[in-house]
Every structure is written in structure tokens, then in C-alpha cells.
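Below is one structure; the comments refer to it alone.
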Amino acid sequence: MDRCVVLVDAGYLLGAAASLLAGESARSRISVELGGLIGQLRERAEAETGLPLLRIYWFDAAPDRRPLPEHRRLRVMPRVTVRLGALTRAEGRLVQKGVDAAMHAELSELARNRACADVVLVTGDGDLLPGMTAAKDYGVAVHLWAVQAADGDFNQSEDLVAEADERRVLDREWITRSVRLREAAPYCAPSDPRPDFAAILSVPPEAEVAELPEQLVAAGLAAALSAEGEAVRPKVPTPKEIAAGLASGRVAAPPAPSLLRWSSERGLTDRAGEGGGAAEAVPTLAQLTTAEQKWADREEDITAVGGDPTEVGQVFARRWTDRLGDPARLAVLWPDYPRIPHRVDGELLRYAARFGLLAHKDDQIDEHDRYAIRAGFWRELALRVPGGDGVPVDG
């Protein structure tokens, strides 16, 4: 068949790109515009082989072989097939299992069935050498693409390079058309310590008792005098001494907070009381969904929802408002914005877990993804629920 096929080892492609741009192979250091990258691969493969593309096979690994959000976006793109191996932890680091074997099997099958005339391999692993040799024996031309190495040297197996019919390098200019260095999270300076402890820690070694705060003197925390009459640095009070000072009234107790603090999509926010009021009385999506709708939702999740965190929040909010019937009932949420009622928030995060968003670390959704999920939720509600136009929804 006069067609070309591209087989991509995602671990090699993205790891090498991260090394080139960030100096280390951690894929978390880069952000990838997947649609643009797939388009670049297709355009270059067709230009170099002179043949139309049959398909791009994307080989990657995921925990328990469950597709991550990027895999869900990729597998609904035209002419893209995703093959997943397992991602396991060995000796303190993550290791791919089954990816090389899957690439070898796919390459051999394509060549034996004469499904293509040219194969483009984006990989550096020498374990693929037998598959490359077998493909050549079946009359398939093998093109080997390498990512430019950060140190200017090869980042591929020499045997693989020697066996390829054609070899090209994806240089920095080509890579940076779709791959960017991810910006580091901004540094957040710690908040100021409590004034009483700040006063204790700031006392100079030879401070006079008269210079210390009156409250600390009353509590017995002032600098003591040595036998020679010289001032010495005060010791840090023990819990027992602090309790005694509070019990005797010599130290005033700190004022009780009048407002509770809770974590939300826009950071720590003050709110009074603990109840949920009218917002907590609104039915959840699960209560509004029939068995037939659950089946249809699952079908849509698999075929149409890419799994981007913001998109997940929007899909959830759209289904909730549609099934509630009267979107005006959700106007009770606006006074508590950006807080989502506890029951609904838990249901939203459980829905997000379907898309592999739990796989970031220790079965906890990444903080950045949680923000994006909730931002998508509020963004969709702002379009559908009366009163949302006056709410400062981000993005």
C-alpha cells in the first residue's frame, strides 16, 4: 500500500523535548499543544515520504493502563490511535512496561500485512531493532526521527540509527512550535508570625527587661538576669507556662475567629456559619440522572469529552443545569461563589476521576487541576444561570 504510518514513542519524544528545553526529562516541566504536535507529525511525514498518511500510533504508559486526559484528547483526533502500556514504580522511579513490545508488535503486523510502504519511527530504544529489521525484510522503508539532544550528542541507540533507511532530527525550532517550557509556580512568601512570638524571636541577646513588651513581662517570659546582673536572652516558653499565664489572666487569650476559612477555587475565603442553606437543598446530578442517561453520559465521556480539567467542569455543570429543569433554582449558589456546595463538589471531583485526573499523585487530584475543574464549573453556570453575569468568573 502506498501510504505511510507514524509510530511515536511518547516517552521518548516528550522526555527528550523536556531535556532539550528544561534540562531534565520530566514531562511535567513542559506543556504540549497536542493538536498542533499531531499536525506537525502528519505534515512532516507526508512531506518526507511523499505518501499520504494512513495513521499515527501514539504509544505511551499510564497507571493501570487507564487513559490520562491527554490520551483521551488524542484518541478522538482523526487518524490517531493510542496504545497504552503500564506505568509502574521501580526503585523509586516511574518505569514504562509493555510499550516497546506493543510498538514491536504493531510494526511487525503493519509490515507483514503490507498496510504501508513507509514507516516513520519516533523512538530511541534499541529494543525496537528486531521489529525494524523485520519491517525492512518485508519491503517497508523505515524512517527514524530523533529529537535534538540537549548536549548535541545522540539520544538514540546506535544500532537503531545504523539500521534505519532514513534519519532526520527534530530540532529545537520544530519542537517549540507545539511544546513550551511550563512556567514555575510563583513563590508565595510565608505570612507574618504571630506578634507575640515575633517579639520573642526578635529579642537581642543582651536586651533589657524594660524593653520587652509588657504582656510578655506579665507572663513571666521576659529576659532574666544572670547572677552578675546581665540580661540574657529569654527562653522559649513551654506550653505549661503559656497555659498558666492564660489561667491567671496575666496573658490575654487570642480573640476567637468570627469567620471560618475554607479552601476554594479562588483561594482562602471567609464565610460565616457552617450550614449550606438553600444551596445544599438543591438536588445533585446523581439524584437527577436516570439509568438511561447514565449510559448516554458514559458514551459521551468516552467519545466526545477530551478530559481537560476545565472541560470536565463545564460538562458536569451543563448536565446538572439541563436536568434540573429550572436553572433559576441554582441562583442560590451565587451568594456563596466561589464555594461549591459540599455534596456537589464531591460529586464533581468523583466525576473528574473518571478521566484519569486522580493519577497525578497518591490518588489525589492535582491542585492545579482542581482549580481548573471548579473554574470550568462556574464558567458554564455563569452562561446558564440567572445572575451569573455579575459574578467575576475567571478565564
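The values are calculated or read from the model by the stated rules, or taken from the named source; none is laboratory data. Source: prediction; values computed, not measured. Ideal geometry is used to build each Cβ from the backbone, glycine not excepted, and the neighbour counts take in all protein chains shown.
Has the range 79-86 got at least one residue that is outside any helix (DSSP H, G or I), touching a Leu at 6+ places or on another chain (Cβ under 6 Å) and not basic (Lys, Arg)? Looking for residues that are outside any helix (DSSP H, G or I), touching a Leu at 6+ places or on another chain (Cβ under 6 Å) and not basic (Lys, Arg), one finds at least one in the range 79-86, hence yes. Being crowded, with 22+ Cβ neighbours inside 10 Å and of a type in the set (A, V, I, L, M, F, W, C) is the requirement here; does Ile38 meet it? So Ile38 does not fit the description; no. How many residues does the range 289-326 contain that are hydroxyl-bearing (Ser, Thr, Tyr) and within 17 Å of Arg350 (Cβ to Cβ)? Matching residues across the range 289-326 total 1.
Residues of the range 350-360 that are at pLDDT 70 or above and crowded, with 19+ Cβ neighbours inside 10 Å: Tyr351, Ala352, Phe355. Looking at the range 24-45, which of the residues that are among the hydrophobic types (A, V, I, L, M, F, W, C) and in a helix (DSSP H, G or I) is farthest from Ala146 (Cα to Cα)? Here the residue is Leu34. With the condition kept exactly as written, say whether any residue in the range 81-94 is at negative phi, in contact (Cβ under 8 Å) with a residue 40 or more places away in the chain and assigned by TED's automatic domain parsing to the domain that holds Cys116. Looking through the range 81-94, none of the residues is at negative phi, in contact (Cβ under 8 Å) with a residue 40 or more places away in the chain and assigned by TED's automatic domain parsing to the domain that holds Cys116.
Scan the range 155-171 and give yes if some residue there is hydroxyl-bearing (Ser, Thr, Tyr), closer than 16 Å to Ser108 by Cβ and in contact (Cβ under 8 Å) with a residue 12 or more places away in the chain, otherwise no. So far as the range 155-171 goes, no, none of its residues is hydroxyl-bearing (Ser, Thr, Tyr), closer than 16 Å to Ser108 by Cβ and in contact (Cβ under 8 Å) with a residue 12 or more places away in the chain. Only one of the listed residues (Arg44, Arg66, Arg55) is in the same structural domain as Trp145 (by TED's automatic domain parsing) and within 21 Å of the chain's Cα centre (by Cα). That residue is Arg66.
Residues in the range 361-395 that are at pLDDT 85 or above and among the acidic types (Asp, Glu): 1 in all. The single condition among (1) free of Cβ contacts under 8 Å to residues at least 40 places away in the same chain; (2) within 21 Å of Ser31 (Cα to Cα) that Pro78 does not meet is (2).
Of all residues in the range 165-184 being of a type in the set (D, E, K, R) and either within 11 Å of Ala22 (Cα to Cα) or outside the structural domain of Arg27 (by TED's automatic domain parsing) (or both), which is surrounded by the most Cβ atoms within 10 Å (Cβ to Cβ)? Looking at residues that are of a type in the set (D, E, K, R) and either within 11 Å of Ala22 (Cα to Cα) or outside the structural domain of Arg27 (by TED's automatic domain parsing) (or both), I get Arg182.
This table checks each residue for (1) in contact with a Leu (Cβ under 7 Å, 6 or more places away or on another chain); (2) under 19 Å from Gly131 (Cα atoms); (3) at pLDDT below 90.
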site	(1), (2), (3)
Val32	yes, no, no
Leu53	no, no, no
Asp64	no, no, yes
His104	yes, yes, no
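Residues that are surrounded by 19 or more Cβ atoms within 10 Å (Cβ to Cβ) and either more than 23 Å from the chain's Cα centre (by Cα) or aromatic (Phe, Trp, Tyr) (or both) within the range 295-318 comprise just one, Phe316.
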